[in-house]
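The values are calculated or read from the model by the stated rules, or taken from the named source; none is laboratory data. These numbers were taken from a predicted model, which means no experiment stands behind them. Using ideal geometry, Cβ is built from the backbone for each residue, glycine included, and neighbour counts are taken over all protein chains shown. SASA here: full protein model, heavy atoms, side chains in, ligands and nucleic acids out. Shrake-Rupley method; radii C 1.70, N 1.55, O 1.52, S 1.80 Å.
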Amino acid sequence: MHRRLPALALAIAAAISLAACSSTTTAEPASATSAAVETITVDDVAGQNAKDASAALKEAGFMTEYDAGDETVIMASNWTVDSTTPAAGESAPKGSTVVLHVSKHDDSATDPAATSDLAARTEAAYLAAWGVSSLTELAGDPSVTVKVAGITQWEDVSTGTIRVYVQENLTRDEAKTVGQNIWGLTHDVVPDLTTVVVRGADGVDVNYFG
């Protein structure tokens, strides 16, 4: 009886081994239903200014960056999009980066400010409001608290916007007061004036929006 125990033990061990092998789990292949990467068609933004083009592409779901060659894009609205990478009409993954290839163009031939007389009309209306032929006549007048006697130049900037140059160092508040004074005394006569940019002797521009 005792001699048959080893044989019985071997049989039990073999059965356990077969059961273990049969219970081994086979790795399942990756699910074929994994979510596909969403792609978006790149819109044609060539000819637009870089700021607007970038905003449109971001709204569509892309990231953007500028390529201006050896130059640096500081104010995107001053640049024009020539092309993009990926190109317009191609598809790219949502969230990927579209490169805007940009350049500056001389638009003076079509810029309304190039032929505008807004600055001249505003200057004439302003002088008439003060009752003088030159702002230098206001220099030293104690009743004039706005630093306008130092204005030496009036310049058209863009539609509705002019810039005046003041040969004095102005604080930001003083510059805003000059712009407000100009707009306030002229907007009835020059209704298309919307913005006065005041540049003091320090070269800093301060905008006043009417």
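For region 162-200, a residue qualifies if it is within 17 Å of Lys147 (Cβ to Cβ), open to solvent by 60 Å² or more (accessible area, probe 1.4 Å), assigned to a loop (DSSP other than H, G, I, E, B) and not hydroxyl-bearing (Ser, Thr, Tyr), and the qualifying residues are Gln167, Glu168, Asn169. The residues on offer are Asp44, Asp52, Asp82, and the sole one that is part of a helix (DSSP H, G or I), at pLDDT 90 or above and of a type in the set (D, E, K, R) is Asp52. Among the residues making up region 61-90, those that are open to solvent by less than 80 Å² (accessible area, probe 1.4 Å) and either among the acidic types (Asp, Glu) or in contact (Cβ under 8 Å) with a residue 40 or more places away in the chain (or both) are Asp67, Asp82, Thr84, Pro86, Ala87, Ala88, Gly89.
The numbered conditions (1) polar (S, T, N, Q); (2) at pLDDT 90 or above; (3) farther than 30 Å from Asp156 by Cβ are all true for Ser103 except (3). Restricting attention to region 137-152, the residues that are open to solvent by 80 Å² or more (accessible area, probe 1.4 Å) and either in contact with a Gly (Cβ under 7 Å, 6 or more places away or on another chain) or under 18 Å from Ala119 (Cβ atoms) (or both) total 1. Just one of the listed residues (Ser83, Ser54) is of a type in the set (S, T, N, Q) and touching a helix residue (DSSP H, G or I) at 6+ places or on another chain (Cβ under 7 Å), namely Ser54.
Could you check how many residues of region 121-146 are over 42 Å from the mean Cα position of the chain (by Cα) and in a helix (DSSP H, G or I)? Residues that pass the stated criteria total 1.
Applying the set (1) modelled with pLDDT under 85; (2) open to solvent by less than 50 Å² (accessible area, probe 1.4 Å) to Ala15 leaves exactly one unmet item: (2).
Given the conditions (1) open to solvent by 40 Å² or more (accessible area, probe 1.4 Å); (2) over 18 Å from Asn207 (Cβ atoms); (3) free of Cβ contacts under 8 Å to residues at least 40 places away in the same chain, and given that Leu127 satisfies all but one, which numbered condition is not satisfied? Leu127 satisfies all of (1) open to solvent by 40 Å² or more (accessible area, probe 1.4 Å); (2) over 18 Å from Asn207 (Cβ atoms); (3) free of Cβ contacts under 8 Å to residues at least 40 places away in the same chain except (1). Picking from residues in region 197-210 that are among the aliphatic types (A, V, I, L, M) and within 22 Å of the chain's Cα centre (by Cα), the one that is nearest to Arg163 (Cα to Cα) is Val197.
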